[in-house]
Amino acid sequence: MSPSPAASAAATASAPPVPDSMPAAGSMTPMSGQPVHLQLNGQPLALTLEPWTTLLDLLRERLDLTGTKKGCDHGQCGACTVLVDGKRMNSCLLLAVSLDGRSITTVEGLPALVASPDAAPVPAAGALPDRETLHPLQQSFIDCDALQCGYCTPGQLCSAAGLLNEPRPVNRHELRERLSGNLCRCGAYPQIVDAVSRIVLRPDSAVPAVCAATAAMVASAAETGEVRE
């Protein structure tokens, strides 16, 4: 049966009015930002951020600290590793607003972790540090030629620096396992392990005085005549 005219009129009268048109997207009231206070590479920082901003995007897009790399953006490659209160974490998985009051160290801030009070300040974004201001891990990566394209290197360095705040690995096998969250698509793992071993392994463990992988490559190149003076 169809409803009576009286019932239809009553239903129409009780229904909410339909607007002539929906508001334009640009006219929507924007969500207000949230205040956040961070200690970034030793410097206090006060920001107002959208709740969905990741730490990785904050560093790269807002603060121009592009040393921290965006790789998979899913926490699986380790290219975005930074230190949060000394612990290594994937910045692509951290909402910046959740870090209020925390201390963040990126690859640009590693030299300050070992700098003396009268040392030179941390270089500005985009500036190259002097050799004297490098973190020992950074210098060891140079000495061991522990990089090729360099895209994963900042994450590798921060992850290795985080190991210094953890119980030290007792041998190279354990070191490899604990660095396994940082991927290197170039395959520079032997040199990376050499470089980190020189700094991170316990003093009573067997640490090579010279980077073994690099020395082997040089020796092989010398035998084949590929080394030129």
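Since every read-out is calculated from the coordinates, none of them should be taken as a lab result. Keep in mind that what you see is a predicted model, and the values were worked out from it rather than measured. Counting neighbours? That spans all protein chains shown, and the Cβs are built from the backbone with ideal geometry, glycine included.
Quick notes on this one:
- Search result, residues across the stretch 60-89 that are among the hydrophobic types (A, V, I, L, M, F, W, C) and closer than 28 Å to Glu177 by Cα: Cys72, Cys77, Ala79, Cys80, Val82, Leu83, Val84, Met89
- Residues of the stretch 141-152 satisfying the condition of being closer than 16 Å to Ile199 by Cα and surrounded by 23 or more Cβ atoms within 10 Å (Cβ to Cβ): Phe141, Cys144, Ala146
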